[in-house]
Structure formats: C-alpha cells, structure tokens
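Laboratory data are not the source of any read-out in this text; all were calculated from the coordinates shown. Everything numeric in this text was worked out from a predicted model, so none of it was measured. For neighbour counting, all protein chains shown are included, and Cβ atoms are generated from backbone atoms with ideal geometry for every residue, glycine included.
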C-alpha cells in the first residue's frame, strides 16, 4: 500500500490510535479490583507502578498488558495494511500521546512507558526487547520504576541505531517525550526523594 495515496486511512488510524491511547486502563482496573484511584498514590501517575502500590502485581500486570496492547494494536494494524515505517512510527506516537494527553480525562494522563512498550514491540521488537531487559535490570537493582524507565527509554535511540536504524527517529522522539513527562521524577531523584516500589 502506498500510504501517501490513502490519506483518509492514515487520519483514521492516527485518530484511532490517539483515542485508544486515551483510555487509561489503570482506572478501570483499580475499580475492578476495588482499589483506590492510582492518581492519588505515589507520583500520581495512572500507570502500572501506582497500581502495584495500590494492589500488588496482579492488577499492575493487567494494567501493563492493557496499556501496552493499546500501543501495539494500531501499529500492528498499520503494518498489516502495508504502511511504511514512517507512518507506523507516527501512529505509534499518536497512541503514546493519547496516553499522555487523554481526551477522556481532561487531557491529564500518564507517562506513556507501557504504551510505548506495546508500540515498540509492534514496530521494532528487537530494540524494544533489549530496552525491556534494561528496565528489568535497573528496577531489580534499584527498586525505583521511574529510574528504570528513564534509563531504558534514553537507551532506546542508541539501541535502535545499532539494531533497527530505520526506527531511530521514533525512539528519539519517545525518549524526549517520556523524559519530559518524568521531569518531576528527575527532580525527586536528584533530591533522593523518589519513591521505590
């Protein structure tokens, strides 16, 4: 498929990816498990880490999988339809942006790490798998999810340049967006006040 000849389909997929990203699964998962609102815990982020703090690994894993799936699905659809790497990357960014600035929650969302994970697995599985391994190693050593996310996401451009160079622009932009979303965590890390798991 020549993506440039399918502008309506591109718009539909980008808008659909943004709306999918706008569903913050941490909130329905917490309601299902009868847990407190994750936005009232820790960093206030509606993501898997705060769900873990509220209710343990089972609801946190559900949140992680669902948030990753909403990033994976639109990119997989774009790939299945034969769209270029560039168009898949744009659609991935739409999904991550939806999580960060969700239409359904007054544009106050999360940090986009799990959604970026799902989108990355669809577009650049080798790069993303290595980044996930880095995240696991750092969180195992430090017990600080924000630090693990920052180390993993900032390693993305280097890894993608070596492994899947056509995806370097995507990982560069994801690193920039996610680091900016973690600015308060960076301040707390510098002050030694960041909350661990």
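A few points about this structure:
- Förster radius 45 Å - calculated FRET efficiency between residue 31 and residue 80, Cβ distance, rounded to 0.05: 0.85
- Entry note, region 1-136: relative contact order of 30 percent, from Cα contacts under 8 Å with a spacing of 6+ residues.
- Compared with the dominant principal axis of the Cα atoms in the chain, helix 125-142 is inclined by about 10°.
- Förster-model FRET efficiency, 22 Å R0, residue 9 and residue 104, C-beta, rounded to 0.05: 0.40
- Exposure proxy ranking for 166, 194, based on other Cβ atoms within 10 angstrom of each Cβ and starting from the fewest, stands as 166, 194.
- For 99, 182, 79, order by how many other beta-carbon atoms lie within 10 Å, fewest first: 79, 182, 99
- Gyration tensor (alpha-carbon) shape descriptor, region 127-193, a/c threshold 1.5: oblate
- Volume of the convex hull of region 3-191 (Cα atoms only), normalised per residue: 108 Å³.
- Cα centroid separation, region 59-102 to region 132-197 (Å): 18 Å
- Least to most buried among 104, 15, 25 (fewest other Cβ within 10 Å first): 104, 15, 25
- Cα gyration tensor, region 46-135 - rounded (a/c under 1.5), prolate or oblate: oblate
- With respect to the chain, whose longest principal axis is taken over its alpha-carbon atoms, helix 145-163 is tilted by about 30°.
- Spin-label model distance (nm) - residue 188 vs residue 162, 7 Å beyond Cα toward Cβ: 3.1 nm
- Helix-derived mean residue ellipticity, 222 nm - over the chain, DSSP H n ≥ 4, -39500 (n - 2.57), to 500: -23000 deg cm²/dmol
- GNM remark for the chain: springs join alpha carbons under 10 Å apart, and the peak mean-square fluctuation among 119, 26, 129 falls on 129.
- Most mobile listed residue (180, 138, 65) in the chain, GNM with C-alpha springs under 10 Å: 180
- Computed over the chain with a Gaussian network model linking Cα atoms closer than 10 Å, the most mobile of 128, 167, 80 is 80.
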